[in-house]
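First up is the structure itself, then whatever we jot down about it.
The values are calculated or read from the model by the stated rules, or taken from the named source; none is laboratory data. Quick caveat, the model's predicted, so the values are computed rather than measured. Methodologically, a virtual Cβ is constructed for each residue, glycine included, from the backbone with ideal geometry; neighbour enumeration extends over all protein chains shown. Protein only, heavy atoms only, side chains kept; ligands, DNA and RNA dropped before computing areas. Shrake-Rupley method; radii C 1.70, N 1.55, O 1.52, S 1.80 Å.
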Amino acid sequence: RADADRALAAVESRRYIDCDRFRGDLLNARGDWAGAVKSYEAGVARAPSLPPVYLNWARALLARKDYAGAVAKAQAAHQRGPKWADPLEVWGQALAAQGQYPAAVAQYTAAYAYAPKWGALQLHWGEALDRMGDRTAALDHYRQASALALSDADRAIVSAKVAAVVAAP
């Protein structure tokens, strides 16, 4: 914690948007939501036409289960970076969390055009299809995800999802 505080203090006067977004992420992780919002707002004010701060803010809102807020920030990031898959994927996650699976699938499909080898995208896409009852398509996406780079946690989820779909009658 002390190292992180020193690193943030060292760049305080420079005020790059990456410093603002990472400071926001750090403050959010520490439970200082008000401070995180202030950092995200500073980054947006500093570079309103760039998508990274909006994206990090959307991810933070998604984690806080503020799905409408996450969608709004993901949309803002997408408007500023229309060929960037990440905002579309976060937007899809927020829609899926609200049970809007067809809309989430539409966002994952759009994100796929820019990141066809993104394992976590395939996982989330498969989960939305699974929730819609399309187990065959879900299994296809789970299998695609398993062949791509994934975090250890996502790899375990994919393995469990494949096993569940294969075992289902």
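For the range 1-77, the square roots of the Cα gyration tensor eigenvalues, ordered a ≥ b ≥ c, give a/c of at least 1.5 with a/b no greater than b/c, which places it in the oblate category. The modelled label-to-label distance for the pair GLN79/GLU41, using points 7 Å beyond Cα in the direction of Cβ, is 1.9 nm.
So what's the back-of-envelope 222 nm ellipticity for the chain, counting only DSSP H runs of four-plus at -39500 (n - 2.57) apiece and dividing by all residues, rounded to 500?
Result for the chain, helices only: -24000 deg cm²/dmol.
Does the range 74-151 classify as rounded, prolate or oblate by the C-alpha gyration tensor (a ≥ b ≥ c root eigenvalues; a/c under 1.5 gives rounded; else a/b over b/c gives prolate, otherwise oblate)? Oblate. Select one label from (i) 18.8, 61; (ii) 15.6, 45; (iii) 17.5, 61: the one whose number is Rg and Dmax of the Cα atoms in Å as derived from the coordinates shown. Working out Rg and Dmax of the Cα atoms in Å from the coordinates points to (iii). The accessible surface of the chain, taken with every protein chain in place and a 1.4 Å probe, is 55 percent carbon and sulfur. Scalar couplings 3J(HN,Hα) for the range 27-38, obtained by applying the Karplus form with A = 6.51, B = -1.76, C = 1.60 to θ = phi - 60°, are 5, 4, 4, 7, x, 9, 5, 4, x, 4, 4, 4 Hz; x denotes Gly and Pro.
Ordering ALA85, GLY133, TYR108 by Cα displacement along the dipole of the chain toward the positive end leaves ALA85 in first place; charges were set at the Cβ atoms of Lys, Arg (+1) and Asp, Glu (-1). Seen from LEU148, the other residues with C-beta closer than 11 Å to its C-beta sum to a net charge of +2, counting Lys and Arg as +1 and Asp and Glu as -1.
Under the combined filter of DSSP loop state and at most 16 neighbouring Cβ atoms within 10 Å, the range 16-85 retains these chymotrypsin sites (Phe, Trp or Tyr not before Pro): TYR16. Reported to the nearest whole Å, the Cα centre-to-centre distance from the range 50-68 to the range 100-142 is 20. Residues THR109, THR136, ordered by accessible area of protein heavy atoms at a 1.4 angstrom probe radius and largest first, appear as THR136, THR109. Ranking LEU121, LEU150, ALA60 by Cα position along the charge dipole of the range 30-169, where only Lys, Arg, Asp and Glu carry charges on their C-beta atoms, puts ALA60 farthest toward the positive end. Compared with the alpha-carbon gap, the fully stretched path from ALA153 to ASP18 is longer by 45.9 nm at 0.36 nm per residue. Within the straight-line cut-off of under 24 Å between alpha carbons, the lysines reachable from LYS38 are LYS65, LYS73, sequence neighbours fewer than 8 places apart in one chain being disregarded.
Against the main long axis of the alpha-carbon atoms of the chain, helix 135-146 sits at an angle near 50°.
Axis of helix 101-112 versus longest Cα principal axis of the chain: the two differ by about 70°, to the nearest ten degrees. Rolling a 1.4 Å probe over the protein heavy atoms gives the range 1-102 an accessible area of 51 Å² per residue. Given a 10 angstrom Cα cut-off, can you work out which residue in ALA45, ALA60, ALA70 is the most mobile in a GNM of the chain? Maximum among the listed residues: ALA45. Seen against the Cα atoms of the chain and their longest principal axis, helix 52-63 is set at about 60 degrees.
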